[in-house]
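The structure appears right after this line, and notes come after that.
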Amino acid sequence: MRIGELAKKTGVPPRMLRYYEEQGLIAPDRLDNGYRDYADYLVDRVNKIRGLADTGIPSRIILDILPCLDQPQTIVVRNPEPGLLDLLSDERDRMSQKIEFLIKNRDALSQYVDALEIALSESRLASAS
């Protein structure tokens, strides 16, 4: 697929996709005419990259994390940056809080949907009588 199609499928602008390529995060094939050709699997990869980048994780760290998202493996950290542990720990905790918040909202929405279904069912029964 061309860069515009990947951008549309992921919501990531073409300029950012080119940046991801420069950083080594994605590697499109090149057609004979020089155009980039993005494989379908890159949609998921770009979404993962964007999710990590949106949390403030630098692209050089994302490059190390990406293989772990594709398949479990042992992570080896060389030359850890000062403050990186705190940054990633804080981000993990923030994500956990957001997940808990989303779960509570999903559960409340499910209860509301269930109540609506019951009300609609009772309404249909009452109008059929």
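Do the conditions hold for LEU84, that is, is it touching a helix residue (DSSP H, G or I) at 6+ places or on another chain (Cβ under 8 Å), under 29 Å from GLY11 (Cα atoms) and not assigned by TED's automatic domain parsing to the domain that holds GLU5?
Details: touching a helix residue (DSSP H, G or I) at 6+ places or on another chain (Cβ under 8 Å): yes; under 29 Å from GLY11 (Cα atoms): yes; not assigned by TED's automatic domain parsing to the domain that holds GLU5: yes.
So LEU84 fits the description; yes.
Could you tell me whether segment 82-92 includes any residue that is exposed (fewer than 10 other Cβ atoms within 10 Å of the Cβ) and outside any helix (DSSP H, G or I)?
Kept after step one, since they are exposed (fewer than 10 other Cβ atoms within 10 Å of the Cβ), are these residues of segment 82-92: 82-83, 86.
From what's left, outside any helix (DSSP H, G or I): 82-83.
Checked segment 82-92: at least one residue is exposed (fewer than 10 other Cβ atoms within 10 Å of the Cβ) and outside any helix (DSSP H, G or I).
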Matching residues in segment 28-43 - criterion: being loosely packed, with under 13 Cβ neighbours inside 10 Å and either assigned to a helix (DSSP H, G or I) or within 18 Å of the chain's Cα centre (by Cα) (or both):
ASP40, TYR41
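Could you check, for segment 60-75, whether at least one of its residues is basic (Lys, Arg), under 30 Å from ILE99 (Cα atoms), free of Cβ contacts under 8 Å to residues at least 60 places away in the same chain and surrounded by 11 or more Cβ atoms within 10 Å (Cβ to Cβ)?
Here is the first cut: in segment 60-75, the ones basic (Lys, Arg) are 60.
Filter once more, keeping what is under 30 Å from ILE99 (Cα atoms): 60.
Now narrow it down to the ones that are free of Cβ contacts under 8 Å to residues at least 60 places away in the same chain: 60.
Now restrict to residues that are surrounded by 11 or more Cβ atoms within 10 Å (Cβ to Cβ): 60.
Yes, segment 60-75 contains a residue that is basic (Lys, Arg), under 30 Å from ILE99 (Cα atoms), free of Cβ contacts under 8 Å to residues at least 60 places away in the same chain and surrounded by 11 or more Cβ atoms within 10 Å (Cβ to Cβ).
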Qualifying residue in segment 54-63 (condition: over 13 Å from ILE3 (Cβ atoms), out of contact with any helix residue (DSSP H, G or I) (no Cβ under 6 Å at 6 or more places or on another chain) and of a type in the set (Lys, Arg)):
yes
Condition check for VAL46: outside the structural domain of ASP86 (by TED's automatic domain parsing), closer than 28 Å to LEU84 by Cα, touching a residue at least 40 places away in the same chain (Cβ under 8 Å) and not acidic (Asp, Glu):
yes
Take the residues in segment 4-22 that are exposed (fewer than 15 other Cβ atoms within 10 Å of the Cβ) and assigned to a loop (DSSP other than H, G, I, E, B), then tell me which one is farthest from the chain's Cα centre (by Cα).
PRO13
Please enumerate the residues belonging to segment 44-59 that are surrounded by 17 or more Cβ atoms within 10 Å (Cβ to Cβ) and part of a loop (DSSP other than H, G, I, E, B).
ILE57
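The values are calculated or read from the model by the stated rules, or taken from the named source; none is laboratory data. Just so it is clear, the model here is predicted, and its values are computed rather than measured. Cβ: placed from backbone, ideal geometry, glycine included. Neighbour counts: every protein chain shown.
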